[in-house]
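The values are calculated or read from the model by the stated rules, or taken from the named source; none is laboratory data. What you see is a predicted model; the values in this text were computed from it and never measured. When we count neighbours, we look across all protein chains shown, and the Cβ atoms used for this are built from the backbone with ideal geometry, even at glycine. In case anyone asks, the SASA skips ligands and DNA or RNA and just uses the protein heavy atoms, side chains included. Shrake-Rupley method; radii C 1.70, N 1.55, O 1.52, S 1.80 Å.
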Amino acid sequence: MRVGMFLNYAGGFAETADEVGELEASGVDLVAVPEAYSFDAVSQLGFLAARTSKIGLASGILQLYTRTPTLTAMTAAGLDYVSGGRFELGIGASGPQVIEGFHGVRYDAPLGRTREIIDVCRMTWRREPVVHEGRNYRIPLPAGEGTGLGKPLKLINHPVRARIPITVASLGQKSVEQTAEIADGWLPMFFHPERAGEVWGAALAAGTAKRAPELGPLDVFASPALAITDRPELQAAAVDAVKPQLALYVGGMGARGKNFYNDLIASYGFEAEAARIQDLYLEGRKDEAIAAVPDELVRAISLIGPASHVAERVAAFAEAGVTTLTVTPLARNSAERVALMAGFRSLVG
């Protein structure tokens with residue numbers, strides 16, 4: 001199992017690069033750079049590529065709507081080049097709050113756009129003339145929609161790899177099925193190893209049945225919070241530290257009836273709790289929403305406890321099909337994060 005780490009939205013580039021260098025030395029396999037409405041992920045990934053030599057670098061995630069398909073392909077090829085073939089392209093739809101609220105772009109057809117972007121990326125990396133006639137993207141742009149001067153072009157540079165791994169962040173049944181069919185990796189959020197089969201098993205099986213053999217097995221990511229400690233009070237503090245993010249996503253990332261994360265947590269058997277968290281959050285009672293997040297839920301989707309318990313939970317994630325753990329270490333500073341990640345790397349083996 002690969003071991004990775006999600007970087008913080010707010011970290012400074014130079015300080016983060018120093019820390020990633022230490023993570024690289026400790027044997028951590030990859031780091032993922034998020035992109036929400038923070039600094040763009042590409043700037044930091046390029047900076048990290050120049051400051052490291054072997055650790056994998058992933059976008060976690062580039063949003064579908066913020067770049068054209070060919071720019072996504074160009075960017076991935078450029079990052080793979082400057083990193084010497086260490087880049088993994090993570091893409092996802094994000095949500096209407098960010099896409100429409102921050103970017104001013106209509107949030108539509110996430111399923112179709114994902115498939116078309118992946119097709120265009122792989123075509124571009126093979127250095128074929130980019131010709132794509134899809135429902136959402138038409139390349140070159142037809143004469144009736146532009147000047148008529150567009151012509152098929154291919155990437156000038158020769159990419160390091162014609163097949164850069166593509167990981168898709170997806171949660172819904174149709175999107176997970178499509179991910180299992182066409183992507184190299186799958187990144188679900190709030191992965192619950194004991195419930196994942198019930199929630200996604202049929203979708204994964206249906207997509208895998210249509211999967212091209214040359215893609216190989218699907219790389220399944222999970223991103224639990226991590227705290228390895230024997231002290232009950234520190235475990236409780238770690239559980240509490242996870243709750244604000246859960247409350248934000250379950251309660252605030254969407255309206256009633258249109259919140260992917262709320263639906264997911266409800267499908268895990270926490271339907272009443274998910275509804276209460278959302279009610280409180282949307283009423284502006286955020287502290288109460290955070291307090292309403294069940295400890296049981298946090299512990300199920302996290303790696304919190306003594307080393308022996310964390311090892312058992314890692315085995316549970318592996319049994320559920322997870323092949324890459326990109327954790328969020330709960331630590332107070334860089335030195336503690338590096339030590340925690342080094343210990344976790346040793347524990348996973």
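For a straight C-alpha distance cut-off of 18 angstrom, the lysines reachable from LYS286 (same-chain residues fewer than eight places away being disregarded) are LYS243. In the stretch 1-115, the portion of solvent-accessible area held by carbon and sulfur atoms comes to 56 percent [1.4 Å probe, whole percent, DNA, RNA and ligands not counted]. In the stretch 1-76, Cα pairs under 8 Å separated by at least six residues give a relative contact order of 32 percent. One Cα centroid belongs to the stretch 152-212, the other to the stretch 255-312; the line between them spans 25 Å.
Can you tell me the accessible area per residue over the chain, all protein chains present, probe 1.4 angstrom, in square angstrom?
Accessible area per residue: 45 Å².
With contacts taken as Cα pairs under 8 Å and at least 6 residues apart, the stretch 55-163 reaches a relative contact order of 28 percent. Loop sites by DSSP among the GluC sites (Glu not before Pro) of the chain, restricted to those with at most 15 other Cβ atoms within 10 angstrom, leave 1-99 as the longest stretch without any of them. Only protein heavy atoms count here; on that basis, with a 1.4 Å probe, HIS103 has an accessible area of about 70 Å².
A straight line joining the Cα centroids of the stretch 218-252 and the stretch 19-72 runs 22 Å. Magnitude of the charge dipole for the chain, about its Cα centre and with charges confined to Cβ atoms of Lys, Arg (+1) and Asp, Glu (-1), is about 1120 debye.
Please report the net charge: other residues with Cβ closer than 15 Å to the Cβ of ALA209, K and R +1, D and E -1.
Counting the neighbours of ALA209, the net charge comes to +1.
Compute the Cα gyration tensor for the stretch 285-341, then decide on rounded, prolate or oblate, letting a ≥ b ≥ c be the square roots of its eigenvalues: rounded whenever a/c is under 1.5, prolate when a/b is larger than b/c in the other cases, and oblate in all that remain.
oblate
Of all the accessible heavy-atom surface of the stretch 147-248, with the other protein chains kept in place and a 1.4 Å probe, what percent is carbon and sulfur?
60
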